[in-house]
Every structure is written in C-alpha cells, then in structure tokens.
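I have placed the structure first, in the form of structure tokens, so that the comments after it can refer back to it.
The values are calculated or read from the model by the stated rules, or taken from the named source; none is laboratory data. Because the structure is predicted, anything quoted here is derived from the model rather than measured. Don't worry about glycine lacking a Cβ; one is built from the backbone with ideal geometry, like all the others, and counts go over all protein chains shown. When the accessible area is computed, the model is the full protein with side chains, heavy atoms only, and any ligands, DNA or RNA have been set aside. Shrake-Rupley method; radii C 1.70, N 1.55, O 1.52, S 1.80 Å.
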Amino acid sequence: EPEVTQTPSHQVTQMGQEVILRCVPISNHLYFYWYRQILGQKVEFLVSFYNNEISEKSEIFDDQFSVERPDGSNFTLKIRSTKLEDSAMYFCASSESVSGNTIYFGEGSWLTVV
Amino acid sequence: AQTVTQSQPEMSVQEAETVTLSCTYDTSESDYYLFWYKQPPSRQMILVIRQEAYKQQNATENRFSVNFQKAAKSFSLKISDSQLGDAAMYFCAYRVYNNNDMRFGAGTRLTVKP
C-alpha cells in the first residue's frame, strides 16, 4: 500500500540552527501538508501546499518556516533558526484532493532542539 | 470556532470487550468530514475510520464503528472485541469540505488489559 515517507525519523539540533525535514508524499496525491505535535499535546495544522504554492497556513507557520517541493517528489519543511519550542513531532501528510479526501500521514520526524 | 473535544483523556478496556470513545465538535458548517486516527507508541498517525457528514449511515470498518449524531455534533468510536494491538492514543479529527485545515481533539489514551 502506498505510504508517505519521512526523513529523518529523529533529529537533534542546536538552537539557532537550520533544519530541513523531508517527505515523499503518495505519488498520485496533489495536496501536501505539514502538521506538528508537541509532546503531550494535540496535533496542529501548520501548512498545506498545492500546485507549488502554499494554499493555507496556520498562525504557527511564521517567517521561520518555509516549504517547497524542489524536485517534484520531495516535499520539505525548513525551519530557519530553530527555537527550543520547535521541539516536536512533525508529520507530513498528503491527500488526492482537498475536497474532503482522507489525509494520509507519514510516520513523523521527531525534532529535538537543544 | 471549529473545535474538537475529547472528554476522556484515558480509557481502559478488557481484551475482547467493547469500548466507546467520545468526541464532540463545534461547527457552523454543514458539509464536513470526521475522522478517527490511531497513534500507537511508534507515534505514526493511522486512519481508523472516516465519516462524511452528509451520510446518515454510520461508518463501519471491521471491529470499528462510529455513532454519528449530526444534530448533537457527536462522533463516538466503538471498538468491538478489543485486542492488545488496539492500545494507542486515539484522536478525533474534523475537516470542512474543501478546507485544508484539519482540527484534532486532544486525544484519548486507550489501554487494553489482557
């Protein structure tokens, strides 16, 4: 069964460093997402991406964050200058369309900022 | 505001028994989708079941079924014949039709006792 894959599964970085989290969405999907889950808290929407541009973003997704699809397969989340509070599990997800189709999640990338 | 509430932080069930997890949501929309996701210790988000709001019939997926009460804005998950592998965090989620932002509840941690 097709699945969303994410790398790395776990990354430790120093505060202030840039981090790039990578994702390969399901191949025939057109919508891509990043969600975040701080330990012990609920899953939160960060951003959605369609047709090579951001379609929606939450208030969490500030100027420190960016997304891109550099090569037509990978979908990346970049955090420019990490803060301690960026420590969280970051989930990439994809769906065939936006019209209510199920969103399929990757296994997550656990980011620890020290 | 669109919010999802799971009033049971923790639930416990005996193996082979049935358990019901509660979820309520608040919305002024008429066209939306509801989901239950399972998050085992591996922290992957796995879709359990989904329900379209326009369908009156409750969704069923093997041992998993929902009780969708649109007027009451309630969406509970019933797990029949509970298995040890069902132990996980369960998240209720809501998504408006044609909207990228999926809202999650705080989760219910289900323990299955042998």
Study note, to complete from the structure: Reported set for the stretch A:30-73 where residues are away from chain B (no Cβ under 13 Å) and open to solvent by less than 40 Å² (accessible area, probe 1.4 Å) is A:Phe65, A:Ser66
Practice item. Return the pairs, sorted by first residue and then second, in which the second residue is in a strand (DSSP E or B) and open to solvent by 40 Å² or more (accessible area, probe 1.4 Å), the first residue lies in the stretch B:35-48 and is within 11 Å of chain A (Cβ to nearest Cβ) and of a type in the set (Ser, Thr, Tyr), the beta carbons are less than 6 Å apart, and the residues are 6+ apart or on different chains. Key: B:Tyr37/B:Leu47
**Study point:** The lone exception for B:Ser76 - which of (1) among the hydroxyl-bearing types (Ser, Thr, Tyr); (2) in a strand (DSSP E or B); (3) in contact (Cβ under 8 Å) with a residue 60 or more places away in the chain it fails
**Key:** (3)
Check your understanding: Regarding A:Gln64, is this residue more than 14 Å from the chain's Cα centre (by Cα), at pLDDT 95 or above and over 24 Å from B:Thr108 (Cα atoms)?
Key -> no
**Study point:** Single residue of B:Arg95, B:Arg109 found to be within 14 Å of chain A (Cβ to nearest Cβ), under 30 Å from A:Ser58 (Cβ atoms) and open to solvent by 70 Å² or more (accessible area, probe 1.4 Å)
**Key:** B:Arg109
Review point. Just wondering, is there one or more residues in the stretch A:12-26 that are among the hydroxyl-bearing types (Ser, Thr, Tyr), open to solvent by less than 50 Å² (accessible area, probe 1.4 Å) and more than 14 Å from chain B (Cβ to nearest Cβ)?
Key: yes
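Which fully enclosed strands (runs of 3 or more DSSP E) of the stretch B:1-51 have 1 or more residues being among the acidic types (Asp, Glu) and over 14 Å from A:Val43 (Cα atoms)?
Details: elements: B:3-5, B:10-14, B:19-21, B:24-26, B:32-39.
Fully inside the stretch B:1-51 and qualifying: B:10-14, B:24-26.
Conditions (1) assigned to a strand (DSSP E or B); (2) β-branched (Val, Ile, Thr); (3) without any contact (Cβ under 8 Å) to a residue 24 or more places away in the chain, marked per residue:
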{"position": "A:Arg22", "(1), (2), (3)": "yes, no, no"}
{"position": "A:His29", "(1), (2), (3)": "no, no, no"}
{"position": "A:Leu39", "(1), (2), (3)": "no, no, no"}
{"position": "A:Glu44", "(1), (2), (3)": "yes, no, yes"}
{"position": "A:Glu59", "(1), (2), (3)": "no, no, yes"}
{"position": "A:Asp62", "(1), (2), (3)": "no, no, yes"}
{"position": "A:Ala93", "(1), (2), (3)": "yes, no, no"}
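Restricting to the stretch B:26-46, name every residue that is of a type outside the set (Gly, Ala, Ser) and surrounded by fewer than 20 Cβ atoms within 10 Å (Cβ to Cβ).
B:Asp26, B:Thr27, B:Glu29, B:Asp31, B:Pro40, B:Pro41, B:Arg43, B:Gln44, B:Ile46
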Check your understanding: What is the one condition in (1) free of Cβ contacts under 8 Å to residues at least 40 places away in the same chain; (2) under 20 Å from B:Tyr32 (Cβ atoms) that B:Arg63 does not satisfy?
Key -> (2)
Check your understanding: Taking only pairs six or more apart or across chains, which ones have beta-carbon atoms under 6 Å, a first residue in the stretch B:1-25 that is touching a residue at least 12 places away in the same chain (Cβ under 8 Å), and a second residue that is of a type in the set (Gly, Ala, Ser) and open to solvent by 60 Å² or more (accessible area, probe 1.4 Å)?
Key -> B:Ser22/B:Ser7
Exercise for review: List the number of the failed condition for B:Asn58; all other conditions in (1) in a loop (DSSP other than H, G, I, E, B); (2) closer than 30 Å to A:Lys57 by Cβ; (3) not hydroxyl-bearing (Ser, Thr, Tyr) hold.
Suggested key: (2)
Review point. If you scan the stretch A:1-17, which residues turn out to be modelled with pLDDT of 95 or more, over 16 Å from the mean Cα position of the chain (by Cα) and assigned to a loop (DSSP other than H, G, I, E, B)?
Key: A:Gln14, A:Met15, A:Gly16, A:Gln17
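Which is farther than 28 Å from A:Ser58 by Cβ and in contact with a Phe, Trp or Tyr (Cβ under 7 Å, 6 or more places away or on another chain), of B:Ile79, B:Ile49?
Numbers: B:Ile49 fails: farther than 28 Å from A:Ser58 by Cβ.
Every option except B:Ile79 fails the conditions.
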